[in-house]
Amino acid sequence: MATLTIASKNYGSWSLRGWLLCKMAGLEFEEEQVKSDDPATRAELLLLSPSFLVPCLTDNGVKVWDTLAIAEYLNEVRPNAKLLPENRAARAHCRAICGEMHSGFINLRSALPMNLKAHYPGFKVWAGAQADIERVLAIWRECLDASKGPYLFGKEACMADAMYAPVVSRFLTYDVKLDAQSGAYSDAIMALPHMQEWLAAAKAEPDELEELDVEF
């Protein structure tokens, strides 16, 4: 059976992406969770590490530790899961916005770290992070206008939805105001059974990183 190594479910946004991709692909796998007191894990969760080694998927002797690489690998071995849209133009668009999430939005990541247990009503977002938020919402609206929803590329959740799911959770944690279309998309993502499963496990986690539990 495949193994997916992940970090904290409460704080680990990249781990959530990889886990959702495996679930969407219908892959049977065992979870191996790295403790949050591991120095490398803490550095990654606190955005101090330049390399992201979790999530890491091991499947049939293949080891893949980058989220986009995991997505492309799963798309190859599980084509019927349709992690990418069938239409070539939509597929290219999907890859482009996934790549943008993978390499961008640094201000959003640092100002609004994922913390599923927390909620900060009226949170004050600084300008740099606000620009990232507006870009994310523009991406969502463009995709939803074209696909008609409820997910970014149509009726079924795909690779792009897995990549943006942690952002949905961030917007809820930090009380980011959403337009009606983006709000409906947020609700659809949070209602996904896999998302609900992850959320329940995150809330049951005993470990905490005090550095990320700041009182705003």
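Values in this text are rule-based calculations from the coordinates and carry no lab data. As the structure is a computational prediction, the values presented were derived from the model and not from experiment. Reconstructed Cβ throughout: ideal geometry from the backbone, glycine too, with neighbour counts over all protein chains shown.
Annotations
- Listed by chain and number, the lysines whose C-alpha is less than 28 Å from the C-alpha of residue 148, apart from same-chain residues fewer than 8 away, are 23, 82, 177.
- Contact order normalised by residue count of the chain, Cα under 8 Å, 6+ apart, percent: 24
- Approximating the spin labels as points 7 Å out from Cα along Cα→Cβ, the residue 134-to-residue 179 distance works out to 1.3 nm.
- DSSP bridge pairs, the chain: antiparallel proportion in percent, nearest 5: 60
- Each of residue 53 and residue 124 was given a label point 7 Å from its Cα along the Cα-to-Cβ line. The distance between the two points is 3.9 nm.
- Potential lengthening between residue 205 and residue 155 on full extension [0.36 nm per residue; Cα-Cα distance subtracted]: 14.8 nm
- Shape call, the range 88-198: gyration tensor on alpha carbons, a/c limit 1.5: prolate
- Of the trypsin sites (Lys or Arg not before Pro) in the range 143-195, the ones in a loop by DSSP (not H, G, I, E or B) with at most 11 other beta carbons within 10 Å are 148, 155, 177.
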